[in-house]
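Q: Below is a structure I'd like to ask you about.
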Amino acid sequence: MTTSGLRVHRDSYVDSMLLMLGTASMDALDGVSWAGATLANARGLDDLAAAGFSGGELDGLGANDLVLAVKADDEQTAGAALDAGEQAVFSEQQAPQAGAHQEPPASIAEAVRRTEGLNVAIVSVPGEHAALEAHHALTAGLHVLLFSDNVPLDQEVELKERAAALGLLVMGPGAGTAVLGGTGLGFANALGSTDGGAVGVVAAAGTGAQEVSALLDRWGVRVSQVVGVGGRDLSEAVGGRMAQLAARALDADPGTAAVLLVSKPASPASAAAVLAECTGTPAVAVFLGLTEVEAPDGVTQAATLEQGALAAARLAGATPPDVTTGLAARVAEAAGRLPASRTRVRGLFSGGTLCYEAQFVLEGLLGPVYSNEPLRKENTADAAPAGAHVLLDLGAEEFTVGRPHPMIDPSSRLELLAAVRDETDVGVVLLDVVLGHGAHEDPAGQLAPVCAELSADGGPVVVAYLLGTEADPQVYSRQRAVLEAAGCLVPETNARGAYAAAALVLRRPEVAETRP
């Protein structure tokens, strides 16, 4: 028999990152079948109603009221889960010292008045309120990291037009990653390299920014800044306004030896406008899925994140490693134990940009690939025919409604991974494992047992790309050792993982060393 538990905290607004952490903390307990930390806005109440919570304590609540809800095997487990959820969502609140209590600021303007030297505001409120708060930050003279999503496109355009006129950055909406002045914001990796020339990153792609900055750091290249501008910035409507401003700033920065531009599908006009700002400092551009656009002298265009990071590292004076070394031999060994009937690739990604890049690589080698975030509109996952290659972005909204992002809580991916056991034609399971601040404390440890069981006795080969650095809280080398001990093939880059997957299903190990 299932026991339901519910706790309401009135006037206790917390941002979406803490809500996700609260949900993950409750869901992690044994005996919990459903958990949710949400605000009592329309969407939150709908999610609670869908889980069977309605009426009673929920009547009369508003968007600033916090609700913790759980379903568990018994009352004791439910209570423990709610306690864990409270501890997580209120973790940033410190007990006031005697005689020193001060109420938190009620507005951005008040926070600026109280504290000298502030120059960045992080806005993480429901999308319908986010633009107004971002305007308040701009009025206060602050750059904005706009973590909120579901911000209407016309409001984004208005914000960025104003910010550009003020010489301020609006990073977002949906900007989950930035590293500014050495401080990571959102999902960010710990970058420890301090020697030599530095690369500055401008990215309209969250895990794309993490991928290139983590690779550079592992290769000993210093990263000066990572400016995430939001996935829509290089769309035709937004025009790359913030990417232009960020590229101009890095181009003028004497501490930046090379600029690396990263974007998911960009409009050709927006891409060209951003490239036009790269006139002094050498630059590399990776516009995934976009053929070459006209660029000024000194700008190199690359097809993948891997190639972009390699080119930027060389511009900064480094000698990066050969990312293909030994991969063909490892693919040959894995292919030797793969039954001939297993010829399909199934991808379960937590990073949208990584999923998109893998599709781009695989389509060039295997033909059509289907996804919930497809390269082409007609190649949706729902339209995939029998035997098709399917890659899913599990961080997309349809998979995260009422659940934490898979980088924070891998449970939803574990469920889908276990279900692949029944797909007898799948030859390769392609995964990304993302480390860093904000990510799960031990993602490899969570995934490894399921991966080992899945690949045993003639099952599919698991290719698990590990995105992270040695300085990350999870420690790259430790996580890699766990995945390899479970029988996973761990490539050096995300693109190299896609090449390895194609090589496995084609039974052609040399494909793993393809150079675009």
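The values are calculated or read from the model by the stated rules, or taken from the named source; none is laboratory data. Source: prediction; values computed, not measured. Positions of Cβ are backbone-derived with ideal geometry, glycine not excepted, and every protein chain shown enters the neighbour counts.
Q: Does Val293 meet the test of being in contact with a Pro (Cβ under 7 Å, 6 or more places away or on another chain), hydrophobic (A, V, I, L, M, F, W, C), touching a residue at least 24 places away in the same chain (Cβ under 8 Å) and assigned by TED's automatic domain parsing to the domain that holds Gly230?
A: yes
Q: If only one of Leu45, Leu19 is touching a helix residue (DSSP H, G or I) at 6+ places or on another chain (Cβ under 8 Å), over 20 Å from Asp83 (Cβ atoms) and not small (Gly, Ala, Ser), which one is it?
A: Going through Leu45, Leu19 in turn, the sole match is Leu45.
Q: Next question, about the same structure. Got a sec? Which strands (runs of 3 or more DSSP E) wholly within the range 18-136 have at least 3 residues that are closer than 27 Å to Val151 by Cβ and among the β-branched types (Val, Ile, Thr)?
A: Of the strands (runs of 3 or more DSSP E) lying wholly inside the range 18-136, those with at least 3 residues that are closer than 27 Å to Val151 by Cβ and among the β-branched types (Val, Ile, Thr) span 120-123.
Q: Might you let me know whether the range 223-235 holds any residue that is more than 17 Å from Gly289 (Cα to Cα) and part of a loop (DSSP other than H, G, I, E, B)?
A: So far as the range 223-235 goes, yes, one or more of its residues are more than 17 Å from Gly289 (Cα to Cα) and part of a loop (DSSP other than H, G, I, E, B).
Q: I need the full set of residues from the range 9-18 which are at pLDDT 90 or above and within 30 Å of the chain's Cα centre (by Cα), in order please.
A: His9
Q: Turning to a different aspect of this structure: Touching a His at 6+ places or on another chain (Cβ under 6 Å) and modelled with pLDDT of 90 or more: does that describe Leu169?
A: yes
Q: Answer yes if at least one residue in the range 494-510 is outside the structural domain of Gly176 (by TED's automatic domain parsing), assigned to a loop (DSSP other than H, G, I, E, B) and more than 22 Å from the chain's Cα centre (by Cα), and no otherwise.
A: Taking every residue of the range 494-510 in turn, at least one turns out to be outside the structural domain of Gly176 (by TED's automatic domain parsing), assigned to a loop (DSSP other than H, G, I, E, B) and more than 22 Å from the chain's Cα centre (by Cα).
Q: Step by step: first the residues of the range 455-478, then only those that are more than 17 Å from the chain's Cα centre (by Cα) and hydrophobic (A, V, I, L, M, F, W, C), then the one that is farthest from Glu492 (Cα to Cα). Which residue is that?
A: Among those that are more than 17 Å from the chain's Cα centre (by Cα) and hydrophobic (A, V, I, L, M, F, W, C), it is Ala456.
Q: From the residues in the range 111-125 that are surrounded by fewer than 19 Cβ atoms within 10 Å (Cβ to Cβ) and not β-branched (Val, Ile, Thr), which one is nearest to Leu66 (Cα to Cα)?
A: Ranking the candidates gives Ala111 first.
Q: Restricted to the range 408-420, and to residues that are among the charged types (D, E, K, R) and not in a loop (DSSP other than H, G, I, E, B), which residue is farthest from Met20 (Cα to Cα)?
A: That would be Glu415.
Q: Being β-branched (Val, Ile, Thr) and surrounded by 19 or more Cβ atoms within 10 Å (Cβ to Cβ) is the filter here; which residues of the range 300-323 pass it?
A: Within the range 300-323, Thr304, Val323 meet the criteria.
Q: Specify which of the listed residues (Gly445, Gly436, Gly468) is of a type in the set (Gly, Ala, Ser) and touching an Asp or Glu at 6+ places or on another chain (Cβ under 9 Å).
A: Gly436
Q: Among the strands (runs of 3 or more DSSP E) contained in the range 295-407, which hold 2 or more residues that are closer than 23 Å to Thr207 by Cα and of a type in the set (Lys, Arg)?
A: It comes to none.
Q: Let me confirm something: among Ala209, Ala165, which residue is surrounded by fewer than 19 Cβ atoms within 10 Å (Cβ to Cβ), in a helix (DSSP H, G or I), on the phi < 0 side of the Ramachandran plot and not hydroxyl-bearing (Ser, Thr, Tyr)?
A: When all the criteria are applied, what remains is Ala165.
Q: With Val259, Val238 as the choices, which residue is crowded, with 24+ Cβ neighbours inside 10 Å and either at pLDDT 95 or above or under 26 Å from Leu19 (Cα atoms) (or both)?
A: Answer to the check: Val259.
Q: Condition first: β-branched (Val, Ile, Thr) and over 16 Å from Ser12 (Cβ atoms). Now tell me which residues in the range 32-80 satisfy that.
A: Val32, Val70, Thr77
Q: Please go through the range 137-153 and give me each residue that is farther than 22 Å from Ala246 by Cα and not in a loop (DSSP other than H, G, I, E, B), ordered by number.
A: Listed by number, the list is empty, since nothing qualifies.
Q: Answer yes or no as to whether Thr177 is buried (at least 24 other Cβ atoms within 10 Å of the Cβ), of a type in the set (Ser, Thr, Tyr) and either touching a helix residue (DSSP H, G or I) at 6+ places or on another chain (Cβ under 9 Å) or modelled with pLDDT of 95 or more (or both).
A: yes
Q: How many of the residues in the range 389-406 are more than 19 Å from Asn494 (Cα to Cα) and either surrounded by fewer than 16 Cβ atoms within 10 Å (Cβ to Cβ) or among the β-branched types (Val, Ile, Thr) (or both)?
A: 4
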